[in-house]
Amino acid sequence: MRSIVYSCSYVPPEWIAAHGFRPVRLVPYSGTECLQRETAGICHYMHRFLEQASQFDAAGVVVTTLCDQMRRGVECINSPSAASLSSLFLMHVPKTMNSVGAVRYYHEELKRLSRFLINLGGALPDEAHLIEVMIDYQQKRDNLFNHRSDMSGVAFSRFLRSFQAGGLLDLCEDATKSKKLIPVAILGGPMSIEDLGILDLIEEAGGEIVLDGTEGGERTMPRAFHRQRIHIDPFMELVEAYWSIPDVARRPNDSLFIWIKNQLAQRHMRGIILLRNVWCDLWHAEVMRLREWLDIPLLDIDLDGESATARNRTRIEAFMEAL
C-alpha cells in the first residue's frame, strides 16, 4: 500500500486511509546533511520534515498553512538547493475558530484533498467504507488510551507517535511505570526523534509525564466520534471531530487554555514544561500568558534542531528538585 506523508493534526488520517493509502505522520530526525546555507532564518523542523519527506517513498506529501513556517517551506521547495516534491499538497486550514464560514472552508479543503488523493490513484470512499475506517481508528485510539494508566508517560508519548506514524499498535512492550514520580505536563509544538530524549530526561530527573500536550501528543488527537452522527453523516462528523482540536495558532486560542485548565484539574500536575521550537513565535508569545493563567511552575525550553538533552539536563533536574 502506498503512503501519504503528512505533518499536521488537522489532516485526518482516516480520510487518507479511506482513499486507499497508508497515512504516515512523519517525525523527522535531526542532523540531516541536507541543510544548506540558503535555509538560514527558517525553521529547522520544517526544513528537515520537507527534506526527509522528499526522500520518503510516498505517493504524496500533505502540509498545511496553520504553521507559517511550513507554508513558507513550501515556497522554498523549488530553490536550487532543495529536493523536489512533485506530489505536494498544501492544505489551507483557517485559523479562525468561531466561524461557520471557517468550518465550511475546512470542509471544502478536505474535499480538495480528496481530489488530490484520487489523482494519485486513490478511490473516493463511499459512506460505508468511511464509517468502517473511522470506527477502526476510533477503536485503536480507545485501546491506546485504555492502557494509559498502565504505562509510563514516556512510553505513552512514544506509542502515540508510533500510532500516528503507521496506525499500528503493539502494546506488548514492557512500558509499565516503575515508581511514584512527580506528575508534570509537557506542552508545545512538534518534536524531532532526537527531541524525544527530553522525555527520558524528565523521567530520569524524577518526573512522570501525565499529560502530553505537544504537537503529536494527546492534545492533537480528535475528539471521540459520536456513535449516532457517524452513521448519519460520517464525513461531517470527521470534519467536526478534527476541527475541535485546540491549538496555539487558532484565533481565538482560548480553547487551548481551557483545555489546559481542565487537564490541570483532572490530573493534579505540579509543573509544566513547555517545549517549543526556537522559530515558533506562536508558542514563544504565549509563554507569559501561560505563566499568568496557571497556578503551577512552568519551565520554558527551546528546541533548535541540535541535541537538547545535554544543555537542558541541569535545568530540568533543578526544576524537578524545586517541585
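Test of understanding: what is the full-extension gain from residue 29 to residue 92, defined as 0.36 nm times their sequence separation minus their Cα-Cα distance?
Additional length available on full extension: 20.1 nm.
Look at 314, 220 and count the other Cβ atoms within 10 Å of each Cβ; fewest to most, that gives 314, 220. Net length available on complete extension from residue 224 to residue 266 is 13.3 nm, with 0.36 nm assigned per residue and the Cα-Cα distance removed. Each residue of region 210-218 was assigned a 3J(HN,Hα) from its phi angle through the Karplus curve 6.51 cos²θ - 1.76 cosθ + 1.60 (θ = phi - 60°); the sequence is 8, 8, 10, x, 7, 5, x, x, 5 Hz, with glycine and proline shown as x. Based on alpha carbons, the Rg and Dmax found for region 127-322 are 17.4, 54 Å. Across the options 117, 319, 193, the greatest Cα extent toward the positive end of the charge dipole of the chain (unit charges at beta carbon of Lys, Arg, Asp, Glu) belongs to 117. Helical runs (DSSP H, four residues minimum) scored at -39500 (n - 2.57) apiece and divided by the length of the chain put the mean residue ellipticity at 222 nm at -13500 deg cm²/dmol.
Please report 256, 124, 294 as a ranked list, fewest other C-beta atoms within 10 angstrom at the top and most at the bottom.
Going from sparsest to densest Cβ surroundings: 124, 294, 256.
Can you tell me which of 131-142, 259-270 comes out highest on packing, and rank the rest after it, using the mean Cβ neighbours within 10 Å?
Listed from highest to lowest mean packing, they are 131-142, 259-270.
FYI, it's all coordinate maths here, none of it is from the lab. Everything numeric here is computed off the predicted structure, so don't read it as measured data. No Cβ is skipped: glycine too gets one built from the backbone with ideal geometry, and neighbour counts run over all protein chains shown.
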